[in-house]
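Remarks on the structure that follows.
What follows draws every value from the coordinates through simple rules; no lab data is involved. Everything numeric in this text was worked out from a predicted model, so none of it was measured. Quick reminder, even Gly has a Cβ in these numbers, built from the backbone with ideal geometry, and neighbours come from all protein chains shown.
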Amino acid sequence: MTFKLDLEGERHIVEIVRRRPHLVIRIDGREHEVNEPGSVDSGRHTLEIGGKPLRIARAHTAKSQIIRFDGRTIEVTLVDPRSEAVGGGSSQSQIRAPMPGSVVSIQKSVGDSVTRGETILTIESMKLQTALTAPRDGVIAEILRAEGETFDKDEVVVRFEDVAGEGQ
């Protein structure tokens, strides 16, 4: 299982390599064995990472985890894969494929006005169908793949018209 975390504004790729007999994770390509020999006591943990004990305190907010260890306090946020499907900029002017696959169906056309959350096209990857939805209200400028066409992960599949005043 692979997911992305924002750690104080820096994005990291985390992959669970195995869970038994001990958790092994790969962070940005580097493997770490994680054990939890200590008991959980109101948000306090002792983890053993790479054989070294680490005492941490953890609390959560609605969207992130606050972790305190070694005299530092950091905020960690899980990246929502749906937000990854849209362009990285605040304008959200495009939709990127969250995984490689093919277009199953297209529900909208170039020039159509859409509202945030409205399905634009449906894709299939590894026999799983996913609806790609509008990241904002707007007008579709381009649909870059037709039904049956394939695409790679992170490839732009839909572009939106620029919002008036954007980029000024």
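Amide H contacts for Val79 (H built 1.01 Å from N in the peptide plane; partners 5 or more residues away or on another chain; cut-off under 5 Å): Lys4, Leu5, Asp6. Taking Leu47, Leu128, Leu78 in turn, the Gaussian network model of the chain (Cα-Cα springs below 10 Å) assigns the largest fluctuation to Leu128.
Using amide H atoms built in the peptide plane, which far-off residues or other-chain residues are under 5 Å from Thr133 H to H? Residues meeting the criterion, in which the H sits 1.01 Å from N, are Ile120. As a check on your grasp of the helix formula, calculate [θ] at 222 nm for the chain: sum -39500 (n - 2.57) over DSSP H runs of n ≥ 4, divide by the residue count, round to the nearest 500. Calculated at 222 nm, the ellipticity per residue is -500 deg cm²/dmol. Evaluated at 20 °C with a viscosity of 1.002 mPa s, what Stokes-Einstein diffusion coefficient in µm²/s does the chain have when Rh comes from the Kirkwood expression over alpha-carbon pairs? Stokes-Einstein gives a translational diffusion coefficient of 115 µm²/s.
Here the contact order of the chain, divided by its residue count and restricted to Cα pairs under 8 Å and six or more residues apart, works out to 15 percent. For the pair Ile13 and Ile66, what calculated FRET efficiency results from E = 1/(1 + (r/R0)^6), where r is the Cβ-Cβ distance and R0 = 35 Å, to the nearest 0.05? For Ile66 and Ile13, the calculated efficiency is 0.95. Of all lysines in the structure, the ones whose alpha carbon falls short of 26 Å from that of Lys52, not counting any fewer than 8 places away in one chain, are Lys4.
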